[in-house]
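The structure under discussion appears below in the form of structure tokens.
The values are calculated or read from the model by the stated rules, or taken from the named source; none is laboratory data. Computed from a predicted structure; not experimentally measured. Don't worry about glycine lacking a Cβ; one is built from the backbone with ideal geometry, like all the others, and counts go over all protein chains shown.
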Amino acid sequence: MPTVLQLTGGDPAAASVDAVVVALRPGEEGPVLAPGAESVDAAFDGGLAALLAVAGATGKAEEVVKLPTRGAITAPLVVGVGLGAEDDGDAAEQVRRAAGAAARALAGTGHALSVLGALDVRAAAEGTLLGAYAFTAYRSNGEGKEPVGQVDLTGDDEAALRTGTAVAEAVATARDLVNTPPNDLYPASFAERARELGEAAGLTVEVLDDAALAEGGFGGVLGVGQGSSRAPRLVRLSWSGGASPRARVALVGKGITFDTGGISIKPAAGMDQMTSDMAGAAAVVATTVLAARLELPVAVTATVPMAENMPSATAYRPGDVLRMYGGRTVEVLNTDAEGRLILADAIVRAAEDEPDYLVETATLTGAQLVALGTRTMGVMGSDAFRDRVAGLARAVGEDGWAMPFPAHLRGELDSRVADIANVAGHRYGGMLLAGVFLREFVPDTLPWAHLDIAGPSFHTGGPYGYTAKGGTGVPVRTLHAVLVDIAENG
């Protein structure tokens with residue numbers, strides 16, 4: 001069962017719960033309690049921080065130390081979690097990560113109270129729910145502890161709790177989709193799940209199957225998907241923005257449900273991680289549903305191309321020329337550069353709606369990991385909007401870094417036979433070249449941003465903060481922040 005959150009104004013020291021979570025920061029002479037734990041500290045005669053220090057606490061970020069209370073307070077356990085130094089990062093993100101670390105440490109606990117809500121209700125809510133997240137749909141042996149059942153957060157900001165809960169649940173939806181194995185999540189089933197999510201949220205839903213894609217001239221989606229026995233799809237989800245939407249935003253996400261590389265096949269090592277190659281699509285679907293749930297005054301339309309990139313007798317080949325939606329032609333030099341092909345179709349279709357902004361996200365290039373590592377997304381696009389989106393990504397804890405489009409790069413994609421080639425003849429600047437390719441399909445006057453999330457969307461190491469192994473849900477929180485910013489500032 002998912003973790004339940006509620007607000008409480010009661011005394012943490014007198015709460016009838018299984019554990020009380022308090023926050024710590026490093027101090028000159030040992031850890032120092034953060035605000036919210038005063039009554040608990042008083043029950044220990046002002047010595048709670050010292051006792052936690054004896055148990056190993058220092059206050060460093062995400063450190064968790066458990067201390068039996070021996071009857072000093074009603075709860076039998078105090079959990080001290082580190083925030084890190086006040087000047088070491090964004091305050092809300094510190095709370096988010098601490099709440100996530102505490103929630104994960106509380107797995108198997110029935111009921112807890114967290115004073116982190118006294119610092120930031122929304123951040124505590126997001127961190128708690130994301131830290132408690134577990135994907136167990138395919139475990140038949142009951143392995144692993146159940147997530148903490150209920151967490152009471154100190155505070156009285158119901159609106160912040162509602163928003164934090166909704167955002168975290170949207171991230172969890174994206175994580176679930178990414179973590180679903182590709183034998184169960186393929187274009188048709190993904191499209192059906194998107195339909196179900198959209199209709200449940202009151203969205204307008206359109207699904208194009210392979211016949212409709214052929215009739216419409218979606219050559220990129222069809223070309224990539226023709227090697228698979230599972231035919232491609234294109235899904236459109238629309239939120240009206242309410243009675244008076246303040247802007248129209250197009251969201252586009254790459255939905256490659258599994259990527260072998262096609263004829264330009266990938267190495268076997270790590271290919272299992274290509275189950276995450278639809279993370280951009282998952283984020284876009286979840287964000288559009290979130291916009292409706294929170295009734296954001298922004299009209300949002302998601303255009304989501306879905307295909308499986310497989311090698312077979314019917315697969316597209318290096319040397320093929322595809323005629324994209326809208327008529328431009330692309331010479332395929334590498335079938336493993338498939339994401340940009342389905343995105344090009346989707347971008348042109350999305351632009352036909354004449355949006356005020358377009359945001360597209362994709363697990364697009366291994367070059368993103370080489371340039372920025374596993375936790376920082378590359379943000380490209382029109383300069384002002386690119387910088388705006390990158391700043392919002394950093395503000396919500398999904399690190400984003402603005403990247404350039406040097407003028408000379410377009411010439412690297414010149415084709416011998418078509419309007420443009422899908423890759424250059426070398427491996428340098430691959431992340432930027434992919435963005436330059438996509439720019440060719442975006443109207444010149446449309447503010448747009450491209451988010452390359454190849455690394456940040458899927459975590460292969462051990463859990464940290466509120467991030468579990470597997471799908472991360474990046475960049476749902478960034479996309480939500482962009483929509484809110486547009487609603488407030490145009």
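What the table shows:
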| quantity | calculated |
| --- | --- |
| Count - residues of the stretch 72-92 that are crowded, with 24+ Cβ neighbours inside 10 Å and under 27 Å from ASP399 (Cα atoms) | 4 |
| Residues located in the stretch 116-136, provided they are assigned to a helix (DSSP H, G or I) and surrounded by fewer than 24 Cβ atoms within 10 Å (Cβ to Cβ) | ALA118, ARG122 |
| Residue ID - farthest from ILE347 (Cα to Cα), chosen from residues in the stretch 433-462 that are among the hydrophobic types (A, V, I, L, M, F, W, C) and touching a Ser or Thr at 6+ places or on another chain (Cβ under 7 Å) | PHE458 |
| Total residues in the stretch 328-353, condition farther than 22 Å from SER264 by Cβ and either assigned to a strand (DSSP E or B) or without any contact (Cβ under 8 Å) to a residue 60 or more places away in the chain (or both) | 1 |
| Check on GLU146, touching a residue at least 24 places away in the same chain (Cβ under 8 Å), of a type in the set (D, E, K, R), surrounded by fewer than 24 Cβ atoms within 10 Å (Cβ to Cβ) and under 19 Å from GLY59 (Cβ atoms) | no |
| Residue list for the stretch 410-449, filter: touching a residue at least 12 places away in the same chain (Cβ under 8 Å), assigned to a helix (DSSP H, G or I) and out of contact with any Gly (no Cβ under 6 Å at 6 or more places or on another chain) | ARG410, GLU412, LEU413, GLY430, LEU432, LEU433, ALA434, GLY435, VAL436, PHE437, LEU438, ARG439 |
| Residue within the stretch 458-468 that is touching a residue at least 24 places away in the same chain (Cβ under 8 Å) and either part of a helix (DSSP H, G or I) or closer than 17 Å to VAL252 by Cα (or both) present | no |
| Number of the exception - PHE405 against (1) out of contact with any Asp or Glu (no Cβ under 8 Å at 6 or more places or on another chain); (2) in a loop (DSSP other than H, G, I, E, B); (3) over 22 Å from HIS426 (Cβ atoms) | (3) |
| Residue match in the stretch 213-224 (condition: touching a strand residue (DSSP E or B) at 6+ places or on another chain (Cβ under 9 Å), of a type in the set (Phe, Trp, Tyr) and assigned to a helix (DSSP H, G or I)) | no |
| Conditions (1) surrounded by fewer than 19 Cβ atoms within 10 Å (Cβ to Cβ); (2) under 17 Å from LEU153 (Cβ atoms): number failed by VAL21 | (1) |
| Candidates GLY242, GLY220, GLY202 - the one that is over 21 Å from the mean Cα position of the chain (by Cα) and under 26 Å from GLY326 (Cα atoms) | GLY220 |
| Total residues in the stretch 3-45, condition closer than 18 Å to ALA57 by Cβ and in a loop (DSSP other than H, G, I, E, B) | 12 |
| Enumeration of residues in the stretch 206-237 that are surrounded by fewer than 21 Cβ atoms within 10 Å (Cβ to Cβ) and either of a type in the set (Gly, Ala, Ser) or not assigned by TED's automatic domain parsing to the domain that holds GLY262 (or both) | ALA211, ALA212, ALA214, GLY216, GLY217, SER229, ALA231 |
| Sole exception among (1) at pLDDT 95 or above; (2) in a loop (DSSP other than H, G, I, E, B) for ASP87, by number | (1) |
| Looking only at the stretch 470-490, and only at residues there that are over 12 Å from ALA390 (Cα atoms) and polar (S, T, N, Q), the one that is surrounded by the fewest Cβ atoms within 10 Å (Cβ to Cβ) | ASN489 |
| Residue satisfying condition, being over 22 Å from the mean Cα position of the chain (by Cα) and within 20 Å of ALA481 (Cβ to Cβ), within set ASP120, ASP152, ASP157 | ASP157 |
| Any hit, the stretch 212-230, residues being of a type in the set (Lys, Arg), modelled with pLDDT of 95 or more, within 22 Å of ILE347 (Cα to Cα) and in contact with a helix residue (DSSP H, G or I) (Cβ under 8 Å, 6 or more places away or on another chain) | no |
| Count of the stretch 245-262 residues which are outside any strand (DSSP E or B) and polar (S, T, N, Q) | 1 |
| Unmet requirement for GLU196, which otherwise passes all of (1) crowded, with 16+ Cβ neighbours inside 10 Å; (2) under 22 Å from ALA282 (Cα atoms) | (1) |
| Residue match in the stretch 289-305 (condition: part of a loop (DSSP other than H, G, I, E, B), among the basic types (Lys, Arg) and at pLDDT 95 or above) | no |
